[in-house]
1. Based on the Cβ-Cβ distance of Glu249 and Ala156, what FRET efficiency does E = 1/(1 + (r/R0)^6) give at R0 = 25 Å, to the nearest 0.05?
2. Excluding same-chain residues fewer than 8 positions from Lys222, which lysines have a Cα within less than 25 Å of its Cα?
3. So for the pair Ala37, Asp372, with labels modelled 7 Å out along Cα→Cβ, what separation do we get in nm?
4. For Asp45 and His324, what is the calculated FRET efficiency with R₀ set at 35 Å and r taken between the beta-carbons, to the nearest 0.05?
5. What's the extension gain from Arg293 to Glu60 if we count 0.36 nm per residue and subtract their Cα-Cα distance?
6. Would you list, by chain and number, the aspartates and glutamates whose Cα falls below 12 Å from the Cα of Lys299, excluding same-chain residues fewer than 8 positions away?
7. What is the dipole size for the chain, taken about its Cα centre, with +1 at each Lys and Arg Cβ and -1 at each Asp and Glu Cβ, in debye to the nearest 20?
8. Output the direction-averaged projected area (hull surface divided by four) of the convex hull of the alpha-carbon atoms of the range 235-381, in nm².
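The values are calculated or read from the model by the stated rules, or taken from the named source; none is laboratory data. Since this is a predicted model, take the numbers as computed values, not measurements. Backbone-built Cβ (ideal geometry, glycine too); neighbour counts: all protein chains shown. Heavy atoms of the whole protein, side chains included, go into the accessibility calculation; ligands, DNA and RNA do not. Shrake-Rupley method; radii C 1.70, N 1.55, O 1.52, S 1.80 Å.
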Amino acid sequence: MTRPEVVVTGLGATTPLGGDAASTWEAMLAGRSGVRALTQPWAADLPVRIASQLVVEPAEKLDRVKLRRLDRSEAIALIATSEAWADAGLGDGNGNGNGVDRERLAVSLGSGIGGATTLLAQDDILESSGPRRVSPHTIPMLMPNGPAAWVGLEYAARAGVHSMASACATGAEALALGLDIIRSGRADVVVAGGTEAVIHPLPIAGFASMRAMSTRNDEPEKASRPWDKARDGFVFGEGAAILVLERAEHAAARGARVYARLAGAGVSSDGYDIVAPDPSGAGAARAIAAALRDADVAKADVAHVNAHATSTPVGDLAEVVALHAALGDHPVLTATKSMTGHLLGAAGALEAIATILAIRDSVVPPTINLDDPDDALDLDVAAHKSRQLDIPAGLNNAFGFGGHNVALLFTRPS
(Lines give C-alpha, C1' and ligand atoms only; values in the text may rest on other atoms or scores of the structure.)
Protein backbone atom coordinates (compact mmCIF):
# COMPACT_ATOMS: atom_id res chain seq x y z
CA MET A 1 0.00 0.00 0.00
CA THR A 2 1.42 3.38 -1.04
CA ARG A 3 2.07 5.78 1.81
CA PRO A 4 0.35 9.15 1.56
CA GLU A 5 2.60 12.03 0.59
CA VAL A 6 2.90 14.75 3.24
CA VAL A 7 3.33 18.40 2.27
CA VAL A 8 3.85 21.69 4.07
CA THR A 9 1.12 24.25 3.35
CA GLY A 10 1.52 26.82 6.13
CA LEU A 11 4.35 28.54 8.03
CA GLY A 12 4.25 30.69 11.14
CA ALA A 13 6.88 32.07 13.49
CA THR A 14 7.71 34.70 16.06
CA THR A 15 11.43 34.96 16.72
CA PRO A 16 14.36 37.18 17.73
CA LEU A 17 14.63 38.17 14.05
CA GLY A 18 11.00 38.95 13.23
CA GLY A 19 7.40 38.81 14.32
CA ASP A 20 6.45 36.41 11.54
CA ALA A 21 7.98 33.85 9.21
CA ALA A 22 8.55 36.27 6.31
CA SER A 23 10.41 38.92 8.33
CA THR A 24 12.46 36.22 10.07
CA TRP A 25 13.51 34.78 6.70
CA GLU A 26 14.35 38.23 5.34
CA ALA A 27 16.60 38.87 8.36
CA MET A 28 18.29 35.49 7.95
CA LEU A 29 19.12 36.16 4.31
CA ALA A 30 20.52 39.55 5.30
CA GLY A 31 22.72 37.96 7.96
CA ARG A 32 21.28 39.96 10.85
CA SER A 33 21.83 38.88 14.44
CA GLY A 34 19.01 38.75 16.98
CA VAL A 35 21.36 38.53 19.98
CA ARG A 36 21.22 41.48 22.34
CA ALA A 37 22.39 42.49 25.80
CA LEU A 38 19.91 41.74 28.56
CA THR A 39 18.81 45.03 30.13
CA GLN A 40 16.61 43.60 32.88
CA PRO A 41 17.89 44.44 36.39
CA TRP A 42 18.05 40.74 37.30
CA ALA A 43 20.68 40.16 34.63
CA ALA A 44 23.29 42.47 36.10
CA ASP A 45 24.93 39.87 38.35
CA LEU A 46 24.71 36.90 35.99
CA PRO A 47 27.83 35.55 34.27
CA VAL A 48 25.87 35.53 30.99
CA ARG A 49 24.08 38.79 30.17
CA ILE A 50 23.07 38.24 26.55
CA ALA A 51 20.17 36.44 24.86
CA SER A 52 18.03 36.37 21.73
CA GLN A 53 14.71 37.87 22.75
CA LEU A 54 11.55 38.29 20.70
CA VAL A 55 11.36 41.44 18.61
CA VAL A 56 7.55 41.50 18.84
CA GLU A 57 6.07 41.05 22.29
CA PRO A 58 3.01 38.78 22.68
CA ALA A 59 1.04 41.75 24.03
CA GLU A 60 1.16 43.26 20.55
CA LYS A 61 -0.70 40.25 19.14
CA LEU A 62 -2.94 38.97 21.97
CA ASP A 63 -5.31 40.86 24.27
CA ARG A 64 -4.41 41.42 27.92
CA VAL A 65 -7.19 39.25 29.35
CA LYS A 66 -6.14 36.24 27.29
CA LEU A 67 -2.47 36.74 28.09
CA ARG A 68 -3.16 36.54 31.83
CA ARG A 69 -4.18 32.91 31.37
CA LEU A 70 -1.15 31.93 29.28
CA ASP A 71 2.47 31.17 29.94
CA ARG A 72 4.71 33.07 27.52
CA SER A 73 5.53 29.81 25.70
CA GLU A 74 1.81 29.14 25.23
CA ALA A 75 1.11 32.66 24.01
CA ILE A 76 3.77 32.62 21.31
CA ALA A 77 2.72 29.13 20.21
CA LEU A 78 -0.77 30.50 19.59
CA ILE A 79 0.63 33.52 17.73
CA ALA A 80 2.78 31.39 15.42
CA THR A 81 -0.07 28.94 14.84
CA SER A 82 -2.43 31.76 13.90
CA GLU A 83 -0.01 32.82 11.17
CA ALA A 84 0.56 29.27 9.91
CA TRP A 85 -3.19 28.50 9.87
CA ALA A 86 -3.99 31.60 7.83
CA ASP A 87 -0.93 31.06 5.60
CA ALA A 88 -2.20 27.57 4.77
CA GLY A 89 -5.52 29.02 3.66
CA LEU A 90 -7.34 27.11 6.37
CA GLY A 91 -9.11 30.12 7.83
CA ASP A 92 -8.64 33.53 9.36
CA GLY A 93 -6.07 32.59 11.96
CA ASN A 94 -8.57 32.76 14.80
CA GLY A 95 -9.59 29.13 14.78
CA ASN A 96 -12.17 29.53 12.06
CA GLY A 97 -11.82 27.21 9.11
CA ASN A 98 -12.96 26.57 5.57
CA GLY A 99 -14.43 23.13 6.00
CA VAL A 100 -11.50 21.34 7.64
CA ASP A 101 -12.85 18.25 9.38
CA ARG A 102 -11.80 18.79 12.99
CA GLU A 103 -11.91 15.05 13.61
CA ARG A 104 -9.14 14.81 11.00
CA LEU A 105 -7.07 17.63 12.53
CA ALA A 106 -4.25 16.86 14.99
CA VAL A 107 -1.62 18.83 16.90
CA SER A 108 2.02 17.83 17.50
CA LEU A 109 3.70 20.62 19.42
CA GLY A 110 6.28 20.68 22.17
CA SER A 111 8.63 22.67 24.36
CA GLY A 112 12.00 21.75 25.76
CA ILE A 113 11.46 23.37 29.16
CA GLY A 114 7.83 24.55 29.16
CA GLY A 115 6.21 26.85 31.70
CA ALA A 116 9.22 27.40 33.94
CA THR A 117 8.78 31.16 34.16
CA THR A 118 5.21 30.67 35.42
CA LEU A 119 6.39 28.15 38.01
CA LEU A 120 9.14 30.43 39.27
CA ALA A 121 6.95 33.55 39.31
CA GLN A 122 4.13 31.83 41.17
CA ASP A 123 6.59 30.37 43.67
CA ASP A 124 7.78 33.92 44.38
CA ILE A 125 4.15 34.94 45.00
CA LEU A 126 3.60 31.93 47.26
CA GLU A 127 6.62 32.80 49.38
CA SER A 128 5.97 36.53 49.55
CA SER A 129 2.16 36.69 49.77
CA GLY A 130 0.90 33.25 50.70
CA PRO A 131 -1.09 30.51 48.95
CA ARG A 132 -4.27 32.53 48.43
CA ARG A 133 -2.44 34.86 46.05
CA VAL A 134 -1.29 32.08 43.70
CA SER A 135 -3.06 32.33 40.33
CA PRO A 136 -5.82 29.79 39.62
CA HIS A 137 -4.33 29.55 36.13
CA THR A 138 -0.95 28.32 37.44
CA ILE A 139 -1.28 24.62 36.56
CA PRO A 140 -2.55 25.06 32.96
CA MET A 141 0.19 27.66 32.47
CA LEU A 142 3.07 25.51 33.69
CA MET A 143 2.06 22.03 32.52
CA PRO A 144 4.32 20.71 29.73
CA ASN A 145 1.42 19.98 27.40
CA GLY A 146 0.04 23.51 27.79
CA PRO A 147 1.14 24.91 24.41
CA ALA A 148 -0.18 21.89 22.49
CA ALA A 149 -3.39 21.87 24.52
CA TRP A 150 -4.12 25.54 23.90
CA VAL A 151 -3.53 25.18 20.17
CA GLY A 152 -5.75 22.10 20.13
CA LEU A 153 -8.53 23.99 21.89
CA GLU A 154 -8.19 27.10 19.71
CA TYR A 155 -8.57 25.06 16.52
CA ALA A 156 -10.88 22.33 17.89
CA ALA A 157 -8.44 19.57 16.92
CA ARG A 158 -10.02 16.20 17.63
CA ALA A 159 -7.64 13.72 15.99
CA GLY A 160 -5.20 13.93 18.89
CA VAL A 161 -3.10 16.57 20.64
CA HIS A 162 0.46 15.45 21.29
CA SER A 163 3.09 17.21 23.37
CA MET A 164 6.70 16.37 22.54
CA ALA A 165 9.54 16.98 25.02
CA SER A 166 12.98 15.99 23.72
CA ALA A 167 15.06 19.01 24.73
CA CYS A 168 16.55 20.86 21.75
CA ALA A 169 15.23 18.25 19.30
CA THR A 170 11.62 18.88 20.37
CA GLY A 171 10.38 20.97 17.44
CA ALA A 172 11.90 18.63 14.87
CA GLU A 173 10.59 15.51 16.59
CA ALA A 174 7.12 17.07 16.72
CA LEU A 175 7.31 17.37 12.92
CA ALA A 176 8.47 13.76 12.62
CA LEU A 177 5.49 12.66 14.69
CA GLY A 178 3.18 14.79 12.54
CA LEU A 179 4.53 12.99 9.47
CA ASP A 180 3.76 9.63 11.07
CA ILE A 181 0.26 10.71 12.12
CA ILE A 182 -0.71 11.62 8.55
CA ARG A 183 0.94 8.55 7.06
CA SER A 184 -0.94 6.33 9.53
CA GLY A 185 -4.25 7.74 8.32
CA ARG A 186 -5.19 9.27 11.66
CA ALA A 187 -5.37 12.84 10.34
CA ASP A 188 -5.37 14.89 7.15
CA VAL A 189 -3.86 18.02 8.73
CA VAL A 190 -1.38 18.34 11.59
CA VAL A 191 -0.33 21.60 13.22
CA ALA A 192 3.25 20.87 14.28
CA GLY A 193 6.25 22.66 15.73
CA GLY A 194 7.90 23.98 18.86
CA THR A 195 7.89 26.84 21.32
CA GLU A 196 10.21 28.12 24.06
CA ALA A 197 10.20 31.18 26.30
CA VAL A 198 12.32 30.78 29.43
CA ILE A 199 14.71 33.74 29.40
CA HIS A 200 14.95 33.96 33.18
CA PRO A 201 17.86 34.12 35.63
CA LEU A 202 17.53 30.51 36.84
CA PRO A 203 17.81 28.71 33.46
CA ILE A 204 20.54 31.12 32.39
CA ALA A 205 22.47 30.54 35.62
CA GLY A 206 22.02 26.79 35.25
CA PHE A 207 23.32 26.66 31.69
CA ALA A 208 26.12 29.07 32.62
CA SER A 209 27.18 26.80 35.49
CA MET A 210 27.51 23.99 32.95
CA ARG A 211 29.73 26.30 30.87
CA ALA A 212 27.40 25.64 27.95
CA MET A 213 26.72 29.29 27.08
CA SER A 214 28.78 32.02 25.48
CA THR A 215 30.08 34.67 27.86
CA ARG A 216 30.83 37.18 25.12
CA ASN A 217 28.79 39.81 26.97
CA ASP A 218 30.50 42.80 25.40
CA GLU A 219 29.86 41.64 21.82
CA PRO A 220 26.36 40.10 21.79
CA GLU A 221 25.97 39.99 18.02
CA LYS A 222 29.26 38.08 17.69
CA ALA A 223 28.57 35.58 20.48
CA SER A 224 26.92 32.81 18.46
CA ARG A 225 29.64 31.56 16.12
CA PRO A 226 29.16 27.94 15.02
CA TRP A 227 32.34 26.17 13.84
CA ASP A 228 34.52 29.19 14.58
CA LYS A 229 37.69 28.58 16.58
CA ALA A 230 36.62 31.26 19.07
CA ARG A 231 33.21 29.73 19.82
CA ASP A 232 32.56 29.39 23.54
CA GLY A 233 28.99 28.15 23.85
CA PHE A 234 25.46 28.75 22.65
CA VAL A 235 23.28 31.83 23.06
CA PHE A 236 19.93 31.40 24.81
CA GLY A 237 16.91 32.35 22.68
CA GLU A 238 13.12 32.34 22.70
CA GLY A 239 10.51 31.94 19.99
CA ALA A 240 7.94 29.71 18.35
CA ALA A 241 7.74 28.09 14.92
CA ILE A 242 4.73 26.22 13.55
CA LEU A 243 4.17 24.33 10.30
CA VAL A 244 0.95 23.02 8.83
CA LEU A 245 1.52 19.51 7.54
CA GLU A 246 -1.11 18.08 5.22
CA ARG A 247 -1.87 14.95 3.28
CA ALA A 248 -1.02 15.90 -0.31
CA GLU A 249 -4.36 14.75 -1.76
CA HIS A 250 -6.22 16.79 0.86
CA ALA A 251 -4.16 19.88 0.02
CA ALA A 252 -4.70 19.40 -3.71
CA ALA A 253 -8.44 18.97 -3.27
CA ARG A 254 -8.75 22.38 -1.66
CA GLY A 255 -6.28 24.05 -4.02
CA ALA A 256 -3.71 24.80 -1.35
CA ARG A 257 -0.32 26.29 -2.11
CA VAL A 258 2.46 23.82 -1.24
CA TYR A 259 5.85 24.98 0.04
CA ALA A 260 7.62 21.62 0.10
CA ARG A 261 7.23 17.94 0.75
CA LEU A 262 8.25 16.50 4.12
CA ALA A 263 9.68 13.44 2.46
CA GLY A 264 11.22 11.66 5.42
CA ALA A 265 12.35 11.74 9.02
CA GLY A 266 14.96 9.86 11.00
CA VAL A 267 15.04 9.57 14.79
CA SER A 268 17.78 7.97 16.90
CA SER A 269 19.39 8.23 20.32
CA ASP A 270 23.04 8.28 21.34
CA GLY A 271 22.91 6.20 24.52
CA TYR A 272 26.04 8.14 25.51
CA ASP A 273 25.55 11.00 28.02
CA ILE A 274 22.77 13.13 29.52
CA VAL A 275 24.36 16.33 28.21
CA ALA A 276 27.33 15.70 25.93
CA PRO A 277 26.81 14.45 22.38
CA ASP A 278 28.60 11.34 21.25
CA PRO A 279 31.78 12.82 19.69
CA SER A 280 31.80 10.02 17.12
CA GLY A 281 28.55 11.40 15.68
CA ALA A 282 27.27 7.83 15.28
CA GLY A 283 23.76 8.49 16.58
CA ALA A 284 23.33 11.62 14.49
CA ALA A 285 24.60 9.76 11.41
CA ARG A 286 22.03 7.02 12.00
CA ALA A 287 19.23 9.59 12.14
CA ILE A 288 20.38 11.18 8.87
CA ALA A 289 20.68 7.80 7.16
CA ALA A 290 17.22 6.85 8.41
CA ALA A 291 15.75 10.08 7.00
CA LEU A 292 17.30 9.32 3.59
CA ARG A 293 15.86 5.80 3.60
CA ASP A 294 12.47 7.02 4.77
CA ALA A 295 12.36 9.62 2.01
CA ASP A 296 13.88 7.34 -0.63
CA VAL A 297 16.20 10.22 -1.52
CA ALA A 298 19.77 9.73 -2.73
CA LYS A 299 22.63 11.38 -0.86
CA ALA A 300 23.62 13.25 -4.00
CA ASP A 301 20.25 15.04 -4.11
CA VAL A 302 20.73 16.60 -0.67
CA ALA A 303 22.29 19.87 -1.72
CA HIS A 304 21.86 21.77 1.55
CA VAL A 305 21.93 21.11 5.29
CA ASN A 306 20.65 23.47 7.96
CA ALA A 307 22.84 22.14 10.73
CA HIS A 308 22.03 21.94 14.42
CA ALA A 309 25.42 23.64 15.09
CA THR A 310 24.86 25.55 18.32
CA SER A 311 28.35 27.12 18.71
CA THR A 312 29.60 24.61 21.29
CA PRO A 313 33.13 23.20 21.03
CA VAL A 314 32.20 19.50 21.02
CA GLY A 315 28.73 19.49 19.46
CA ASP A 316 29.61 21.41 16.31
CA LEU A 317 32.37 18.99 15.33
CA ALA A 318 30.43 15.85 16.25
CA GLU A 319 27.84 16.94 13.69
CA VAL A 320 30.53 17.46 11.06
CA VAL A 321 31.70 13.87 11.63
CA ALA A 322 28.10 12.64 11.34
CA LEU A 323 27.51 14.54 8.10
CA HIS A 324 30.65 13.08 6.56
CA ALA A 325 29.55 9.57 7.50
CA ALA A 326 25.94 9.91 6.32
CA LEU A 327 26.14 12.30 3.35
CA GLY A 328 29.72 12.82 2.25
CA ASP A 329 31.19 16.26 1.62
CA HIS A 330 29.01 17.76 -1.10
CA PRO A 331 26.12 19.62 0.67
CA VAL A 332 26.36 23.33 1.43
CA LEU A 333 25.88 23.88 5.15
CA THR A 334 24.55 26.75 7.17
CA ALA A 335 23.95 27.36 10.88
CA THR A 336 21.14 29.85 11.32
CA LYS A 337 21.64 29.75 15.10
CA SER A 338 24.51 32.13 14.40
CA MET A 339 21.75 34.71 13.92
CA THR A 340 18.82 33.49 16.02
CA GLY A 341 20.66 32.04 18.96
CA HIS A 342 19.39 28.70 20.25
CA LEU A 343 15.60 28.53 20.64
CA LEU A 344 15.81 25.17 22.41
CA GLY A 345 12.48 23.37 21.87
CA ALA A 346 11.56 25.67 18.98
CA ALA A 347 14.92 25.47 17.21
CA GLY A 348 14.24 22.42 15.04
CA ALA A 349 10.91 23.76 13.82
CA LEU A 350 12.32 27.19 13.00
CA GLU A 351 15.24 25.65 11.12
CA ALA A 352 12.79 23.41 9.27
CA ILE A 353 11.08 26.58 8.06
CA ALA A 354 14.46 27.97 6.99
CA THR A 355 15.23 24.75 5.10
CA ILE A 356 11.87 24.85 3.31
CA LEU A 357 12.30 28.48 2.27
CA ALA A 358 15.86 27.76 1.13
CA ILE A 359 14.45 25.10 -1.21
CA ARG A 360 11.71 27.44 -2.42
CA ASP A 361 14.03 30.38 -3.10
CA SER A 362 17.13 28.40 -4.17
CA VAL A 363 19.27 30.20 -1.63
CA VAL A 364 21.27 29.18 1.45
CA PRO A 365 21.16 31.69 4.31
CA PRO A 366 24.54 32.61 5.76
CA THR A 367 26.42 31.48 8.83
CA ILE A 368 27.60 34.72 10.39
CA ASN A 369 30.60 35.12 12.71
CA LEU A 370 32.52 32.28 11.03
CA ASP A 371 35.70 34.34 10.92
CA ASP A 372 38.28 31.64 11.69
CA PRO A 373 36.87 28.19 10.88
CA ASP A 374 37.86 25.26 13.07
CA ASP A 375 40.59 23.18 11.44
CA ALA A 376 38.29 20.14 11.61
CA LEU A 377 35.58 21.90 9.57
CA ASP A 378 36.23 20.44 6.14
CA LEU A 379 32.74 20.92 4.70
CA ASP A 380 31.40 23.72 2.52
CA VAL A 381 29.66 26.40 4.61
CA ALA A 382 27.84 29.48 3.29
CA ALA A 383 29.77 31.90 5.47
CA HIS A 384 28.99 35.61 5.94
CA LYS A 385 26.54 35.96 3.06
CA SER A 386 23.71 34.08 1.37
CA ARG A 387 24.53 31.77 -1.52
CA GLN A 388 22.36 30.96 -4.52
CA LEU A 389 22.00 27.21 -4.89
CA ASP A 390 19.67 24.80 -6.63
CA ILE A 391 18.26 22.61 -3.84
CA PRO A 392 16.29 19.51 -4.88
CA ALA A 393 16.37 18.31 -1.26
CA GLY A 394 17.39 19.88 2.03
CA LEU A 395 18.16 18.36 5.40
CA ASN A 396 17.52 19.83 8.84
CA ASN A 397 19.26 18.36 11.90
CA ALA A 398 18.21 18.77 15.53
CA PHE A 399 19.90 17.22 18.55
CA GLY A 400 19.01 17.49 22.23
CA PHE A 401 20.30 16.82 25.74
CA GLY A 402 19.79 13.19 26.55
CA GLY A 403 21.09 12.10 23.17
CA HIS A 404 17.99 12.84 21.09
CA ASN A 405 18.73 12.99 17.33
CA VAL A 406 16.25 14.01 14.63
CA ALA A 407 16.85 14.56 10.92
CA LEU A 408 14.13 15.92 8.61
CA LEU A 409 14.34 15.65 4.82
CA PHE A 410 12.42 18.17 2.72
CA THR A 411 12.11 18.19 -1.06
CA ARG A 412 10.49 20.34 -3.69
CA PRO A 413 6.77 19.73 -4.18
CA SER A 414 6.01 16.86 -6.53
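1. So the FRET efficiency works out to roughly 0.65.
2. List returned: Lys337, Lys385.
3. Spacing of the two 7 Å Cα→Cβ label points: 2.4 nm.
4. Plugging the Cβ-Cβ distance into 1/(1 + (r/R0)^6) gives 0.25.
5. Between Arg293 and Glu60, full extension yields an extra 79.5 nm.
6. The reachable aspartates and glutamates, counting only those whose Cα sits under 12 Å from Lys299, are Asp329.
7. It works out to roughly 860 debye.
8. In nm², the orientation-averaged hull projection of the range 235-381 is 9.5.
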